[in-house]
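This report concerns only the one structure given below.
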Amino acid sequence: MVKALTFKGDKKPKKRKRTGGASGKADDDDNRQLKTAKPSTEADADADADDDSWVSADVTADISGPIMFVLPTEPPTALACDAIGKVFTLPIENIVDNNPITAEPHDVRQVWVANRIVGTEHFRFKGHHGKYLSCDKIGLFSATSEAITPLESFSVIPTADTPGTFQIQTLRDTFLSVRASRSSKANASPEVRGDETEITFDTTLRIRMQARYKPKLKASKEEKAREKISRAELEAAVGRRLDEDEVKRLKRARREGDYHEAVLDLKVKGKHDKYG
């Protein structure tokens, strides 16, 4: 389930304390006991789930959950949509020295939820208002559809000569591109289109995403969580006191995936030492 989005500077909501009579006190006591007994790995998992930092997608397989399209404009803008489904470019405020790889959304209109369409290699992108990004046959973008058709299906193609950037391709083999506005208004925002037939600088964009959805980071955090286990937990698993070498051996086994076999070996060794 996708969690509510948070942005830099937002205050974390305080959790309300439960109050009540005897049953309420019993619940509070139970909760305190559970919290005290909670393994460190579960606490780490909760912390990872609350990780609201943003990172860059490196490959297509990374793309999942809340994302932000950073467009190749100067200064950088993001693909955005409003509540009635109009798609436009919006300047990025959360950015360091106009460097696209530092961009983060400051407005929910800049955020899309990416999901791979089941049974295909294509993606769908849902706006903050629950409607899907769509590109019609003449290259106009909108976000008014509640259903997925070929108009709401896109391919995300890594740029061959620029790692960390992508092309967004429609099912008509045209590309999302950004160009200077044709409006006569001063300082008019760049326009986004979906009718470009060639890969150019104007079609090459970056995708920023929430860190907790990036597969490599999730795997790294899971590995670190496996490493975090106390000596007391290891001794409880084996059923006896352990020396330093045995503790190191079990921690290494947790990293390498043969923890249960190592525990069994030490249990057998303990019995042999006792009766040998």
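The values are calculated or read from the model by the stated rules, or taken from the named source; none is laboratory data. Model, not experiment: these values are computed from the prediction. Here the Cβ positions follow ideal geometry from the backbone for every residue, glycine too, while neighbour counts run over all protein chains shown. Only protein heavy atoms, including side chains, enter the accessible area calculation; ligands, DNA and RNA are left aside. Shrake-Rupley method; radii C 1.70, N 1.55, O 1.52, S 1.80 Å.
Within the option set D97, D82, being charged (D, E, K, R), closer than 24 Å to A180 by Cβ and open to solvent by less than 60 Å² (accessible area, probe 1.4 Å) holds for one residue only, D82. Taking I117 as the residue in question, decide whether it is touching a helix residue (DSSP H, G or I) at 6+ places or on another chain (Cβ under 8 Å) and open to solvent by less than 50 Å² (accessible area, probe 1.4 Å). Answer is no for this residue. The single residue among G139, G130 that is part of a loop (DSSP other than H, G, I, E, B), open to solvent by 20 Å² or more (accessible area, probe 1.4 Å), touching a residue at least 12 places away in the same chain (Cβ under 8 Å) and in contact with an Asp or Glu (Cβ under 9 Å, 6 or more places away or on another chain) turns out to be G130. Among the residues in the stretch 48-67, are any within 30 Å of S230 (Cα to Cα), surrounded by 10 or more Cβ atoms within 10 Å (Cβ to Cβ) and at pLDDT below 55? Yes: the stretch 48-67 contains one or more residues that are within 30 Å of S230 (Cα to Cα), surrounded by 10 or more Cβ atoms within 10 Å (Cβ to Cβ) and at pLDDT below 55. If you filter the stretch 180-211 down to residues that are open to solvent by 30 Å² or more (accessible area, probe 1.4 Å) and touching a helix residue (DSSP H, G or I) at 6+ places or on another chain (Cβ under 6 Å), you find that the one that is farthest from P100 (Cα to Cα) is E196.
Among the residues here, L171 does not qualify as buried (at least 19 other Cβ atoms within 10 Å of the Cβ), aliphatic (A, V, I, L, M) and under 22 Å from A61 (Cα atoms).
Every test in (1) more than 16 Å from R193 (Cβ to Cβ); (2) among the hydroxyl-bearing types (S, T, Y); (3) touching a residue at least 24 places away in the same chain (Cβ under 8 Å) is passed by T77 save one, and that test is (1).
Across the stretch 235-254, which residue is most open to solvent (accessible area, probe 1.4 Å) among those that are free of Cβ contacts under 8 Å to residues at least 12 places away in the same chain and small (G, A, S)? That would be A236. Of the helices (runs of 4 or more DSSP H) lying entirely inside the stretch 214-261, the ones with 3 or more residues being modelled with pLDDT of 85 or more and farther than 28 Å from T60 by Cα are found at 231-238, 244-256. Whenever a residue of the stretch 80-93 is closer than 20 Å to A114 by Cβ, its partners that are polar (S, T, N, Q) and outside any strand (DSSP E or B), lying with C-beta atoms within less than 7 angstrom and at least six residues away or across chains, give the pairs A80/Q110; F88/S189; T89/T73; T89/S189; L90/Q110.
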